[in-house]
Amino acid sequence: MPYEIKGLNEECGVFGVFDTKKANQLTYFGLHSLQHRGQEGAGIVSSDGTKLKQFRNKGLLAEVFANEADLDSLDGNAAIGHVRYATSGNDSINNLQPFLFNFYDDEVALAHNGNLTNAKSLRHQLEKAGSVFHSNSDTEILIHLIRQKRDLDFIDALKASLNEVKGGFAFLLLQKDRLIAALDPNGFRPLCIGQLKNKAYVVASETCALDMIGAKFVRDVNPGELIIIDKDGLHIDTYTDATKLAVCSMEYIYFARPDSIIHGVNVHTARKRMGRLLAKEQPVDADIVIGVPNSSLSAASGFAEEAGLPYEMGLIKSQYVARTFIQPTQELRERGVKLKLSAVRGVVEGKKVAIIDDSIVRGTTSKQIVKLLKEAGAKEVHMRIASPPLRFPCFYGIDISTRAELIAADHSVQEICELIGADSLGFLSTESLIKAIDIPSGRKVENGGLTVAYFDGKYPTPLYDYEADYLASLKQQEERNFLR
């Protein structure tokens, strides 16, 4: 890798609404509440019942629609929107979603959160059959699969195509007269349905988007479901019976907003339980507990309560660093951390500090946080992580695709502790993570209905196009460990 990632990069966010006035504005506000899931680009496609209209661009949502006329031009009674973090493809504007396809017999808009694990194979197959791609995003594959099936109507062609794509996906499709949502057979990515007071339906990545526009939560979209919303209301269908709930555990650990509810579990509550269980498993001799803002604050409060220690605000996050860029040199990376975080000397000076974070990816940020606290006069810095060590890549949508990116893949906990300069280091166990999240519908399912492969390497699906490289990386690591 020519650079180090500073942390986990967010997923994409999708939002759709059907059969209501000012659908474009509702979609804007819904996407605003999902901005944490992607900051590289945004877009909206709307329908006025006769045609589809699109606007998309790079940047934060407010930057993309800085000119109000661009949003006003999308006036209609239905819309879908997308905020993007690039898990597949590059940052070309051609990869920004929703995509809009204009065919001689139809118009279709498409937005996607997730990653298709057989995208490379499918693309080769489609190109050989004559398909011409306008992006290098895996999302576009779905529409080409659908258009291949000319002998089927749209819904049947969509169902057949959804059975061909593999991996993690939450799709939204918009036609002139209906909104369609589909979730992968494992439900890796979250997707929920809401309803406005005027009875119009909404579909979004997280419930916080429903709250933003005053929509009432109806239900989660379940694995393998196909949701169709048209003038006659909400229709729930399925495209496969081979389903098994395996929600991405990183949604609860890091990605989702703390006020969101995923499969009946409030994210803040789950994180607080992670902190409580972490305090039991990894106790520490400390004077105060502080959290790394913002995603670790819930876990830090749970840790402090369980440990009976004061919970203090020892790190301040700047609210004016809008976007995080990968910096090319170590000096710039270190300054990047200082731009985002500063230690409160009056809180940490002379104290034994327990610092709670949600994860350690490469260790760069952790090392800088420990350094910040010690420079501010902390007597000792004990780091506790409210999730297990990240040892294995994710192939379902998170931006971790190689083991080379993960410090825990090559180092023991003690070695990581020494590398980041902490006085001690402890992680939450996988068993306690599952216990903390406690999905009601997943209690009788393996791993509590969660994907925890990032910690134990046991993936719930075949890896398809990634399999060979992944196995090769495991072999290389075994060789490195043998030589150490």
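The values are calculated or read from the model by the stated rules, or taken from the named source; none is laboratory data. For clarity, every value in this text was computed on a predicted model and none was experimentally measured. Backbone-built Cβ (ideal geometry, glycine too); neighbour counts: all protein chains shown.
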Scanning segment 407-418 residue by residue, those surrounded by fewer than 18 Cβ atoms within 10 Å (Cβ to Cβ) and either part of a helix (DSSP H, G or I) or in contact with a Lys or Arg (Cβ under 6 Å, 6 or more places away or on another chain) (or both) turn out to be VAL413, GLN414, GLU415, GLU418
For SER161, the lone unmet condition from (1) touching a strand residue (DSSP E or B) at 6+ places or on another chain (Cβ under 9 Å); (2) under 29 Å from ALA256 (Cβ atoms) is (1)
Spot the failing condition for PHE188; the list is (1) more than 16 Å from the chain's Cα centre (by Cα); (2) within 29 Å of THR451 (Cα to Cα); (3) crowded, with 20+ Cβ neighbours inside 10 Å, and only one is missed. (1)
Filter pass, LYS244 being under 22 Å from GLY426 (Cα atoms), of a type in the set (D, E, K, R) and at pLDDT 95 or above: no
Does segment 322-343 contain any residue that is touching a Pro at 6+ places or on another chain (Cβ under 6 Å) and at pLDDT 90 or above? no
Within segment 375-406, restricting to residues that are at pLDDT below 95 and not in a loop (DSSP other than H, G, I, E, B), the one that is surrounded by the most Cβ atoms within 10 Å (Cβ to Cβ) is ARG403
Just for segment 191-250: of the residues that are surrounded by fewer than 24 Cβ atoms within 10 Å (Cβ to Cβ), small (Gly, Ala, Ser) and closer than 24 Å to PHE395 by Cβ, which one is nearest to the chain's Cα centre (by Cα)? GLY224
Of all residues making up segment 50-69, the number that are closer than 17 Å to GLY30 by Cα, surrounded by 12 or more Cβ atoms within 10 Å (Cβ to Cβ) and without any contact (Cβ under 8 Å) to a residue 24 or more places away in the chain: 5
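What residue, of ALA209, ALA200, ALA157, is aliphatic (A, V, I, L, M) and within 28 Å of TYR254 (Cα to Cα)?
Sole residue among the options that is aliphatic (A, V, I, L, M) and within 28 Å of TYR254 (Cα to Cα): ALA209.
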In segment 419-444, anything more than 14 Å from ARG271 (Cβ to Cβ), in a helix (DSSP H, G or I) and of a type in the set (Gly, Ala, Ser) is listed as SER441, GLY442
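Among the residues in segment 270-287, are any assigned to a strand (DSSP E or B) and of a type in the set (D, E, K, R)?
no
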